[in-house]
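In what follows, a structure is listed as structure tokens, so that the remarks can point back to it.
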Amino acid sequence: MPAAFGMIAALQGDLDTSDGVGKVFFRQDSSPALLRQAADHINRAFPEDDVVNPISAVVVTWVDVASHRAESRGDGLEPTGRRHTFQLVIASLETKSYAILLYPREAMQFQSTSSSCTMHAGFSKGQKTYLVLYKKQGPYYRITDDTEASVKNLAEQTNSGKLGVWVYKIGTFPYFTDVAPGEVPDLPLDSHQYQSTRKPSHQHPVYPDVQQENLDGVYDRPEHPPPFQVQTVQYRPERLAVVEIENEDNIEVDVFTYNSGECGGQKCSKFGECSNYPSGRCCQCEPGYYGNGVQCVPDGIPQRMNGKVSGRVSVGNSPVPVDFASNDLHSYVVVNDGRAYVAISAIPAIVGFSLQPLSSVGGIIGWAFALQQPGFKNGFSIIGGVFRRQADVTFQPGGERLTISQEFKGIDEHDHLMVDTKLEGKIPEVPQGATVQIDPYTEIYQYSTNLITASSTREYVINLQDRSTQSRSYKFRETITFQGCQHDEVVRALPSTQMLNVDQVFVMYDRGEQLLRYAMSNKIGDVNGGQTEENACFTGRHGCDTNAVCRPGQGNQFTCECAAGFTGDGRTCYDIDECRDTPQICGPNAVCNNQPGTFRCECQDGFQFASDGQTCVEVQRPVDPCRIGTHDCDVPERARCSYTGGSSYICTCLPGFMGDGRSCQDIDECQVNQCHENAVCFNTPGSFTCQCNPGFYGDGFHCSTEYEKTRCQLHRDSVLGAGPRGPRPVPGHYVPTCDSQGEYDPMQCHASAGQCWCVNRDGLEISGTRTGPGRFPECPGHDVPHPIGPTPDPNVSPLPPGSHILFAQSGKIEYIPLEGHNLKKNEAKTALHLPEKVVIGIAFDCVEKMVYWTDISTPAISKASLQGGEPVHIIKSDLSSPEGIAVDHLGRNVFWTDSMKDRIEVSSLDGSQRHVLINTDLVNPRAILTDPTNGYIYWADWNRDAPKIEMAYMDGTNRRVLAKDDLGLPNGLTYDAQTSLLCWADAGTHKVECMNPQQGSRRQLMEGIQYPFGLTTDGKNLYYTDWMRGAVVVADRYARREVDEFQPQKRTRLYGITTAHAHCPSGRISLSYNSLLILTLVAKIV
């Protein structure tokens, strides 16, 4: 290098394909998928440039090419048989081209060819001819220099933000003018290293423009100069895997899917790499992780298993078997000492006590993550998390038989091992109330290709309530099948027989919770038991934190080291919040969610991951002409534009107009007189009015010569006394004032008390509007719906001291104190810890200061006092996915929605008098709230096909739809009794809207919000939880804009939110709805 001819050298050297193994493929490709992947590489490499979209590409792939006459160098460092696999893609636009070079780390196996000739990579224009006879070397550009280290760095470094991928801009048509390298050359450490060291290493070196030298015009600059740290670059590269080509005629190999490529028929974990063995390739976990390479988990971190239990089990002589249908199974393993805990929920007592001896149901996870003795491996380290297990249990002395079938489905997105369990057969009866004690036992595991077998005898003692005991046993045989990698020499070198020692076995059935629990301590080691328990790392008695790795030293010496993603001294470890420490770790248009020991990146709404699985790119959505105003419908006062998808829409005239929607004319309703015969009709745009003739009284639809007094006038007359001087008010009584039409004035005052307040059309006081002497509230008029907007005094009715905002987050409920309408963020704390629970909806009872919540993991509806006390389940049966919840503090009832059973239910606050209110025409009901003063409930159904917001009386009658048009995902719902406004936050339309349920006026307050979930109000402000931002967002309802946000220390999804008032809002229970509700509940009980 450089050569006398023009070339792009992906890898120049004395390479050989004559042995029938190495091959070279090439093709021209303009498929959208390949061009999109090429664009991802280019745009990631040049983040400051305009976005590039290639229109064609040439793909060249070298597969398993060897060095010509490969010979040992004599130093023992260059074994024969090593091969290279690498690729070159030339992606072109109309006037410029890019070269993309891909060097998989595991497939770059040597740096020199014959005669110790170091290979090279780069670009050359070749020799140029001067004066016909004289030739001179033209411009060239070197990616590598003359050292083997630079060749090795091709697979271990980058200039594009992805390991082993190099991108170059190689000039514009029609000249070779310059080679510009990608601008993201330095890398962050791999994710597990990054979490443990906490030192982000993305740096952006600045390269000077390549200048032509004065003497010969040579472009000759090494590709790896010392970097200049300028700014953090938002890309997280992954290691590449090798492309497998099974058919030599198949040149349509997908060259860009290295990060999900095949390795000897396997797809390696993101924490694994492809390793070469003499007979083939296998996946292997990287340092700091363990597993089979396909499934890898971090060293030292506790592991969890989730799943469902199904099947049918007969107990003793009972003729009726017990059916299991999706009972929850959860397990937790402290890996560094081998302790495993298993719990199965919703087990009825008729079978729960008799299942106590079957610790084997969950014992498999003890084997999978058992404490490893030197030279031995637990199950997960050998076969990973994808396998099938069948266990046959034969009880003595009765001969009852039970089959346990389990399918392990690997690690899910939450790093939990997933399993489905099926129980079929018969078990002997254990009397109710009895406990079971299982003696320590051992199991011998025999390992062969894709098959593991084990057997043991379990002995247990039944302790009866009369203090007598019964000794029993059962024989246990199991078979585990899996798909391993036949080339893995590490696994083949392990002993073919290993013994699992299980001691400290604990079993219990909780009748009250209907919960079956198992706990045990597991070690895997020599069948002869020859390992002496000297080092604490092998006995489990080391005292390291549960999130730490025990590192054995010499003799009895050991150290504790916090696992990746945790920090501390090893004895005590704390989770590292990557999202807080490095806010931009996920890159632009992405949201970071912290999790114990790690973090996850999610694209914001409207974005999706590109083909690299890391970069969030905008989703190309169809343009809605109705929303952006490019339609040709008539003006909004006469027509409605309805978007139908793609670029299509429909124009329809509004009621009171006629036409095709693009041109609408007013209908003259007065031509077909709908008024009374003694009234005059007046046509108006889109409507009409009727007015009684002089001498007649009425609304124009009904007119008579007799004057009919209005409700206000009758009310006023009832409190006025008659005397010699005419009507007089009774001293101290309130007398309503009526307007010229006889309707209630919007503002009413009590003269002797000096108080004024607002009323609705029926004269009923609007809660929260009453003022003291000398002050007058601003009251909306009754003749037209009052527009939603700011009032002259936005600070009306401030909250009393001691109010808070409560919100749910990943196993806990937190609170933020309110000072007026401002968040006291520095005083935010956790109100209630609920580990392993998924709290969705929360509600607050202002009378007893209790918080109520729904939990979809159990599932259950529970409550707890914020003044102290343990959580209490009030409903834990016949639930599937309880989500929304609301408390009626006047009627002392709780309402909830179940989005899987598609119904709305109610019960007393203690869970009694449970009753289904609504179970028809519901698909995904979620948010629900109450208006105790007026006796209504409101709820939202986020059914993607037909979302809607509805209301009904609290007994479920008088149901009606409030809104169904222009909704997307109406997640959050709140009601402000002071203004009678129902507001909702929509994660589909990204809007906050409000309406008066009685008047029907609907107005948009905000748009452009991200992904709201829960919503609440304190009268002035709206507070909503946002999934994308991981925050509680505060919006001023009057200013119609965001004014503040609170981000919890833990950046996980936030769910329900509610306002915890220090004092209950004023109001009296509505006799109409409460009587109906009580009658309904009484009828239910009877």
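The values are calculated or read from the model by the stated rules, or taken from the named source; none is laboratory data. As the structure is a prediction and not an experimental result, all values here were calculated from the model. All Cβ positions, even for glycine, are placed from backbone atoms using ideal geometry, and neighbour counts span all protein chains on display.
Worth a mention:
- Selection status of Phe701, over 47 Å from the mean Cα position of the chain (by Cα) and either within 30 Å of Gly629 (Cα to Cα) or of a type in the set (Ser, Thr, Tyr) (or both): no
- Selection of the stretch 928-973 for residues being touching a Cys at 6+ places or on another chain (Cβ under 9 Å) and among the basic types (Lys, Arg) yields an empty set.
- Among the criteria (1) within 25 Å of Thr453 (Cβ to Cβ); (2) in a strand (DSSP E or B); (3) not hydrophobic (A, V, I, L, M, F, W, C), the one Ser314 does not fulfil is (1).
- Some residue of the stretch 405-413 being under 24 Å from Ser354 (Cβ atoms) and among the acidic types (Asp, Glu): no
- So Glu708, is it at pLDDT 85 or above and outside any strand (DSSP E or B): no
- Residues of the stretch 666-683 classified as surrounded by 13 or more Cβ atoms within 10 Å (Cβ to Cβ), free of Cβ contacts under 8 Å to residues at least 24 places away in the same chain and polar (S, T, N, Q), total: 2
- Positions within the stretch 852-874 being touching a Lys or Arg at 6+ places or on another chain (Cβ under 7 Å) and either outside any loop (DSSP other than H, G, I, E, B) or among the hydrophobic types (A, V, I, L, M, F, W, C) (or both), in sequence order: Tyr852, Asp855, Ala860, Ser865, Leu866, Val872, Ile874
- Each residue in the stretch 918-944 was checked for being assigned to a loop (DSSP other than H, G, I, E, B) and closer than 18 Å to Lys901 by Cα, and 9 pass.
- Of the set (1) in the same structural domain as Ala107 (by TED's automatic domain parsing); (2) modelled with pLDDT under 80, all apply to Asp49 but (2).
- Number of positions in the stretch 859-898 that are charged (D, E, K, R) and closer than 25 Å to Asp941 by Cβ: 5
- Hits in the stretch 749-798 (condition: surrounded by fewer than 18 Cβ atoms within 10 Å (Cβ to Cβ), modelled with pLDDT of 85 or more and touching an Asp or Glu at 6+ places or on another chain (Cβ under 6 Å)): none
- Enumeration of residues in the stretch 984-1000 that are free of Cβ contacts under 8 Å to residues at least 40 places away in the same chain and crowded, with 22+ Cβ neighbours inside 10 Å: Ala985, Asp986, Glu993
- When residues of the stretch 624-650 are limited to those that are part of a strand (DSSP E or B) and touching a His at 6+ places or on another chain (Cβ under 7 Å), the one nearest to Thr689 (Cα to Cα): Cys641
- Taking residues in the stretch 629-647 that are modelled with pLDDT under 85, and partners anywhere that are not in a loop (DSSP other than H, G, I, E, B), the pairs with Cβ atoms closer than 9 Å and at least 6 places apart or on different chains are Thr644/Ile650; Ser647/Pro625.
- Some residue of the stretch 387-395 being β-branched (Val, Ile, Thr) and not in a strand (DSSP E or B): no
- Residue match in the stretch 652-665 (condition: of a type in the set (A, V, I, L, M), in a loop (DSSP other than H, G, I, E, B) and touching a residue at least 12 places away in the same chain (Cβ under 8 Å)): yes
- Check on Gln999, at pLDDT below 90 and more than 26 Å from Cys592 (Cβ to Cβ): yes
- Summed over the stretch 270-289, the residues that are within 15 Å of Ile382 (Cβ to Cβ) and either crowded, with 22+ Cβ neighbours inside 10 Å or at pLDDT below 85 (or both) give a count of 5.
- Hits in the stretch 484-502 - residues which are surrounded by fewer than 17 Cβ atoms within 10 Å (Cβ to Cβ) and out of contact with any Phe, Trp or Tyr (no Cβ under 8 Å at 6 or more places or on another chain): Gln486, Val490, Arg492, Ala493
- The residues of the stretch 799-816 that are modelled with pLDDT of 90 or more and under 14 Å from Thr1017 (Cα atoms), listed by number, are His804, Ile805, Leu806, Phe807, Ile816.
- Qualifying residue in the stretch 895-913 (condition: without any contact (Cβ under 8 Å) to a residue 24 or more places away in the chain, touching a Lys or Arg at 6+ places or on another chain (Cβ under 6 Å) and not assigned by TED's automatic domain parsing to the domain that holds Tyr643): no
- For the stretch 539-579, the set of residues classified as β-branched (Val, Ile, Thr) and within 16 Å of Pro298 (Cα to Cα) consists of Thr546, Val549, Thr567, Ile576, listed by residue number.
- Strands (runs of 3 or more DSSP E) completely within the stretch 431-488 that count 2 or more residues being closer than 17 Å to Asn378 by Cα and assigned by TED's automatic domain parsing to the domain that holds Leu358: 441-448, 451-463, 469-481
- Breaking point among (1) touching a residue at least 24 places away in the same chain (Cβ under 8 Å); (2) buried (at least 18 other Cβ atoms within 10 Å of the Cβ); (3) assigned to a strand (DSSP E or B), for Thr567: (2)
Residue by residue, here is whether (1) touching a residue at least 60 places away in the same chain (Cβ under 8 Å); (2) on the phi < 0 side of the Ramachandran plot; (3) under 31 Å from the mean Cα position of the chain (by Cα) holds:
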position	(1), (2), (3)
Val313	yes, yes, no
Ser318	yes, yes, no
Val333	no, yes, yes
Tyr341	yes, yes, yes
Ile344	yes, yes, yes
Ile347	yes, yes, yes
Ser354	yes, yes, no
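- Members of the stretch 821-843 that are over 16 Å from Val1032 (Cα atoms), exposed (fewer than 15 other Cβ atoms within 10 Å of the Cβ) and touching a residue at least 24 places away in the same chain (Cβ under 8 Å): Pro835, Glu836
- Which listed residue, of Thr546, Thr630, is on the phi < 0 side of the Ramachandran plot, among the hydroxyl-bearing types (Ser, Thr, Tyr), touching a strand residue (DSSP E or B) at 6+ places or on another chain (Cβ under 9 Å) and not assigned by TED's automatic domain parsing to the domain that holds Arg1053: Thr546
- When the stretch 342-386 is filtered for residues that are part of a strand (DSSP E or B) and surrounded by fewer than 24 Cβ atoms within 10 Å (Cβ to Cβ), the ones remaining, listed by number, are Val342, Ala343, Gln372, Val386.
- Qualifying positions in the stretch 310-334 - surrounded by 18 or more Cβ atoms within 10 Å (Cβ to Cβ) and touching a helix residue (DSSP H, G or I) at 6+ places or on another chain (Cβ under 8 Å): Val313, Val315, Val322, Leu329, Ser331, Val333
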